[in-house]
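The block underneath contains the structure these notes are about, expressed in structure tokens.
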Amino acid sequence: MNRNDPRFDLLEKLRAEPASPELVSELEAVLRSDPEFRREYLRYINLEFQAPAALQSIQGPRPEAEPIPLPRLEQSTPEPASPKPPGKRPGFLGQWRPLAAGILLGMASASWAISQRLPFWIVKSVPIQNADFEKSAGMLPSVFPTGPGLWSGDPTEVAPPPIPVSGSLALHFLSPAGPSAAPGANSCDAYQWVDLRPFHSMLGTNPEADLELSAAFLDARPQPGTPVRFTAYLFLFQAEPTSGELSRQRLQQETVAMGKKSWVSHGGQPVPEWKTLTARCAFPPEADWALLQISAGRDTKAGTPLPDFGQQWADQIQLKLRVPSTSSPQTGKTP
Amino acid sequence: MALPPPPEPTRPEHHAEFLRLYVEVQDSLRIYLASLLFGREETLEASQEVALALWKKFQPGMDSLSFRRWAFGVARMQVLAFRRDKARDRLTFSDDLTLLLGEAVEEHAPQLEAERGALERCLRKLPERQIQILNGFYLSKLKIEALAVQIGLSVAAIYKSLHRTRLQLMDCTRSVLALEELP
């Protein structure tokens, strides 16, 4: 479509001046009459929404903060900054928790958009047990995890991938039909709980902190096949996973924020390449635990059948806490 | 501030199911809402209202397609209510066009999603001056007047530059995606 088409000027006017009934009426007329222009209109809007994140992404690596020493989980568990006595949690959300989660879901994108204006982030890695799967090969426990520091879930194993991304071992997706699978499960999932309480002290009063989960995925099928949707999920909870009476349903009820990033692969690449996905979500102060879910499964959006498993892999799982700062790390002044 | 009464029932056991379905459609819904509401702030506000409305009315057992269609219908009604509440009914498209735009978002959702990846590559090709203006507008959230002072251009020139850059990026993302589709 010709960019000199005067109809595009209407879109500029919508940005340059408050919408008026006349402008809306004029835009309606052109949108009604031309499906191609309707598509261009949606592309224009899509670009507007994607621009902040894309611009942020091309600015180069964000500066890391001075490292804050934290003990590795396998050595000792760090003391929570402000330990809360068992059973004395502030329950101000109460029955509103599911509703609040819905609100937070919407707010997460708003918070992310708002945070784009802050150019400096304090970034801190959150320890994940066996994040690179290099500790030992073998099957992971086929249970839904009830405590931190352990990968488990649907049938998965730690094994040498055909193309290593780092080290010699990676997570191998085997089947969606494990004990952790919900009825009619469409994916093979591995989970790990992570204790977030030691990081509350970094939040301060800043409402715009977020968590960023990244994971590398590989579809090693030599021939194109049924699409596989790889997904990195990040769920935040207030509930303690180790509490005996906590069912999976109750944990789902208590989700306070979530993030997700997915990629659909058809396989058949001459040289399969690892692809890194990054999911983000807001880090509200009531979130004490993160549940990481690394998934390979059916492309439910496209309605395709369950793919064959056996050549899908994941590796290099990382979780980062990002706290926006209005001060430059170098100068201490707002840039 | 007192909270309004909670939706009945809260159905906690269905919350994860709802979240998964909602996350799948939220980007498309946001584009749809933006196409009907024009302003970024209004769109964010309406997105939150739609998320709440969907959760309150959610019935479990829907597949992705059913949920998507239902969500778009709810979003359409919420936009009408949103406009009415703000006494801005006259800034609303007709029902026909509202439906057409919803269909177009659903039809083009995969392409719109793909354009997000292409956008980064296209931004890297822009001259520094254009990136400066985009950064000021989208990242620093400067008002056009402040941006004009900072860059040293007139307000009208900034609007023109932003508009031209957007169209340039649309052309670029289209080309990038077309190249990727080549065998």
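Ranking A:32, A:298, B:124 from most to least accessible surface, computed with a 1.4 Å probe over the protein chains only, gives B:124, A:32, A:298. Were the residues from residue A:177 through residue A:302 laid out at 0.36 nm apart, the gain over their Cα-Cα distance would be 42.9 nm. In chain B, taking the dipole from charged Cβ atoms about the Cα centre, the farthest positive-side position among B:131, B:75, B:65 is held by B:131. Seen from residue B:154, the other residues with C-beta closer than 13 Å to its C-beta sum to a net charge of 0, counting Lys and Arg as +1 and Asp and Glu as -1. Over all other residues within a Cβ to Cβ distance under 9 Å of residue A:217, the charged ones net out to -1, with Lys and Arg as +1 and Asp and Glu as -1. Of A:260/A:301; A:124/A:275; A:275/B:56; A:261/B:160; A:261/A:301; A:124/B:56, which pairs sit farther than 25 Å apart, going by alpha carbon to alpha carbon? Correct reply: A:275/B:56; A:261/B:160; A:124/B:56. Magnitude of the charge dipole for the range A:10-58, about its Cα centre and with charges confined to Cβ atoms of Lys, Arg (+1) and Asp, Glu (-1), is about 200 debye. Grab the other residues whose beta carbon is less than 14 angstrom from that of residue A:283, score K and R as +1, D and E as -1, and report the net. Residues close to residue A:283 contribute a combined charge of -1. For residue A:125 and residue B:146, what does the FRET efficiency come to when R0 = 45 Å and r is the distance between their Cβ atoms, rounded to the nearest 0.05? Rounded to the nearest 0.05, the efficiency is 0.80.
Could you check how much of the accessible area of the range A:125-171 is carbon and sulfur, as a whole percent, using a 1.4 Å probe?
Whole-percent figure for carbon plus sulfur exposure: 61.
Chains A and B together bury roughly 6700 Å² of accessible area, counting both sides, with a 1.4 Å probe on protein heavy atoms only.
Accessible area per residue for chain B is 49 Å², calculated with a 1.4 Å probe on protein heavy atoms, without ligands, DNA or RNA.
Straight-line reach only, C-alpha to C-alpha below 16 angstrom: list the aspartates and glutamates that residue B:143 could link to, leaving out same-chain residues fewer than 8 apart. Once the sequence-local aspartates and glutamates are set aside, what remains near residue B:143 is A:12, A:17, A:48, B:41. Spin-label pair residue A:4-residue A:59: with each label point 7 Å from Cα along the Cα-Cβ axis, the two points sit 3.8 nm from one another.
Legend: helices of chain B (whole DSSP H runs) are marked when their alpha-carbon atoms reach 24 angstrom or more along the helix axis and their mean Kyte-Doolittle hydropathy is at least 0.0; marked are B:15-37, B:155-181. What shape does the range B:125-183 take by its C-alpha gyration tensor, where a ≥ b ≥ c are the square roots of the eigenvalues and a/c under 1.5 counts as rounded, a/b above b/c as prolate, and the rest as oblate? Prolate is the answer for the range B:125-183, as a/c is 1.5 or above and a/b outweighs b/c.
The values are calculated or read from the model by the stated rules, or taken from the named source; none is laboratory data. What you see is a predicted model, and the numbers here were worked out from it, not measured in a lab. When we count neighbours, we look across all protein chains shown, and the Cβ atoms used for this are built from the backbone with ideal geometry, even at glycine. Accessible surface areas use protein heavy atoms only, side chains included; no ligands, DNA or RNA. Shrake-Rupley method; radii C 1.70, N 1.55, O 1.52, S 1.80 Å.
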